[in-house]
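Data block below; observations after.
The values are calculated or read from the model by the stated rules, or taken from the named source; none is laboratory data. Here the structure is a predicted model, which means the values were calculated and not measured. Here the Cβ positions follow ideal geometry from the backbone for every residue, glycine too, while neighbour counts run over all protein chains shown. Side chains are part of the model used for accessible areas, which takes the heavy atoms of the whole protein and leaves out ligands, DNA and RNA. Shrake-Rupley method; radii C 1.70, N 1.55, O 1.52, S 1.80 Å.
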Amino acid sequence: MVAPLATPPIAEGNRGIAARYPGDVASNGPDVVFVESFEGSVDEICSHWNRSPQAIMSKSDEVPPGSGGKHSLLLTRVAGGTQGYMDGAIFTAG
């Protein structure tokens, strides 16, 4: 097993766009291009997209400290793929 690496500091320090929206709260400012919340059901999240790998999506209660949300979106990698999806990932709000 490989130990996870520490999360690096925000490149812009306390001056960048992420610093202006801690925990992604009120992230509808003029410089914000994209926001997705993972607080709804997987069906609700998928409804925002014209293609989504719903077959490999699930919700998790694990979120990073300081996250503005209470859930993460987990995309599970399945050996050989699932319905054409080969890779997995985890996405968190904040």
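Below, the figures for the structure above:
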{"item": "Pairs with Cβ under 6 Å, 6+ apart, first in the range 71-84 and under 8 Å from I56 (Cβ atoms), second modelled with pLDDT of 60 or more and crowded, with 17+ Cβ neighbours inside 10 Å", "result": "L75/I56; L75/M57; T76/I56; T82/I56"}
{"item": "Elements of type strands (runs of 3 or more DSSP E) in the chain, at least 3 residues being at pLDDT 70 or above", "result": "57-60, 72-75"}
{"item": "Members of the range 13-49 found to be open to solvent by 100 Å² or more (accessible area, probe 1.4 Å) and under 12 Å from the mean Cα position of the chain (by Cα), listed by number", "result": "F34"}
{"item": "Failed criterion for S52 (all others in (1) open to solvent by less than 50 Å² (accessible area, probe 1.4 Å); (2) within 28 Å of A6 (Cβ to Cβ) hold)", "result": "(2)"}
